[in-house]
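The values are calculated or read from the model by the stated rules, or taken from the named source; none is laboratory data. These numbers were taken from a predicted model, which means no experiment stands behind them. Cβ: placed from backbone, ideal geometry, glycine included. Neighbour counts: every protein chain shown. Areas reflect the complete protein model, heavy atoms only, side chains present, ligands, DNA and RNA absent. Shrake-Rupley method; radii C 1.70, N 1.55, O 1.52, S 1.80 Å.
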Amino acid sequence: MAKQNIINEAKDYINITLGLLLYTFAFTVFLLPYEIVTGGIAGIGAIIFYVTDFPVQYTFFIINAILIVAALKILGWKFLMKTIYATFALTFFLEIAQDIVVMPDGNFYKLLGEGNDFMSLSIGCMMTGTALAIVFLNNGSTGGTDIIAASVNKYHNISLGKVLILVDICIVGSSLFVDTFGPLELRLQKVAFGFCTIFIECLMLDYVMNTQRQSVQFLIFSSKYQEIANAIAKSTDHTLTVLDGHGWYTGKEMKVLCLIAKKNESVRIFRLIKLLDPNAFVSQSSVIGVYGEGFDAIKVKVKKEEKQ
C-alpha cells in the first residue's frame, strides 16, 4: 500500500509538471507578447509588468506566498505541498521561458505576427485552461486565485471555473485604470479581450475536469458474478453491490452486480467482463453526480433547525 501511494504521488507530480510546462508555453508565447490581460495572479503580474517592467514571475511568487500561508488551515499540507511545488516550478519556468521569447531588441517575439491578438488569445487560453485542469485533476494548484477557488469548492458545490470567473473579472477590470495601455478606447479593448480570456480559459477548465470526472453505472448480469466481482475489485479498487434478480422469461433467480466507476475505467471493466464471461449482459449508463467515498464529497450545509 505504501509503495502504491508513493507511485500515485509521483504520478501526480509528473502530471502537475507537464501541466505547468503547458501553461508556461501558452502564457509566454501566446499571451504575454500581445499584452493580453488574463485573470489570476499571472494576470496581476502581467499588468504590473506592463506598467513597471517588474518581472511577472516575482509578482506571482510573492502573492502566492501570502495566499499559501492564509489557506494552510483550510486546504491542509497535502494540497498545499503540491501548490508550493507548483509555485516554485512555475516561477522558474516563467523566468526561463521569458528569456527565450525575448528578441535581442528587448521586444517579445510574436509567433502569429502583428494584428492577430484575438487568435493568439484564443489559442493561448485554450491551452492555459487545459493546463490548469491537468494540475487540478492531479490534486495540485498553480496557486493564486486557484487557492481561493479550491477553498470555496471544498465547502460549496460551486465549480472551480465559476469561482475563477468571479475573481478574474475583478482582475481584468482593473486594467481599465492602467494609463500605460493608452487612451480609453484601447483600455476598453484590453478589458474586452480580458473577458474573452476568462470565458475561454474557464470553459476549457470545466470541460476537461468534467470529462475526466464523469462517472458511469454498470449493471452486470452473469452467472459468473463472483469471479467478475473479484476481478473488478482487485483491478480498480472499487466495491460492488450484489442485487437479487429474477428472470421474467426464464423464471430463474440470478445475481446482478451494481458498480459505480469513472468513465475512463470503462474499457478496463468491459475487458474483465468479456475475459471471464463473454456472454454476460451489461448495462452502462451515465450518472449526473456521484458523492461519497472515492468520489466527490457532499458539499451542502445542513441548517441548525434541520439537525434538531
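The table below gives the values:
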| quantity | calculated |
| --- | --- |
| Solvent accessible area, Å² - residue 100, 1.4 Å probe, full protein context | 130 |
| Per residue Cα convex hull volume in Å³ - calculated over the range 1-139 | 108 |
| Heavy-atom accessible area ranking, 1.4 Å probe, most first, across 190, 234, 110, 263 | 234, 263, 110, 190 |
| Accessible area per residue, Å², the range 1-153 with all protein chains present, probe 1.4 Å | 46 |
| Subset of 82/234; 11/262; 162/190; 110/162 violating a 24 Å alpha-carbon distance limit | 82/234; 110/162 |
| Neighbour net charge for residue 49 - beta-carbon separation under 13 angstrom, K R +1, D E -1 | -3 |
| Solvent-accessible surface (1.4 angstrom probe) belonging to residue 85, in square angstrom, nearest 10 | 80 |
| Karplus-derived HN-Hα couplings along the range 45-54 (A = 6.51, B = -1.76, C = 1.60, θ = phi - 60°), whole Hz, x at Gly and Pro | x, 5, 4, 4, 5, 5, 8, 10, 6, 6 |
| Computed magnitude of the charge dipole of the chain (debye, nearest 20; Cβ of K, R +1, Cβ of D, E -1) | 1360 |
| Charge context of residue 106, other residues only, Cβ under 14 angstrom, K/R +1, D/E -1 | -2 |
| Cα Rg, Dmax, the chain, angstrom units | 24.1, 84 |
| 1.4 Å probe accessible area per residue over the range 197-238, in Å² | 52 |
| Cα-centred dipole magnitude for the range 43-131, charges only on beta-carbon of K, R (+1) and D, E (-1), debye, nearest 20 | 620 |
| Surface share of carbon and sulfur [accessible, 1.4 angstrom probe, percent] for the chain | 63 |
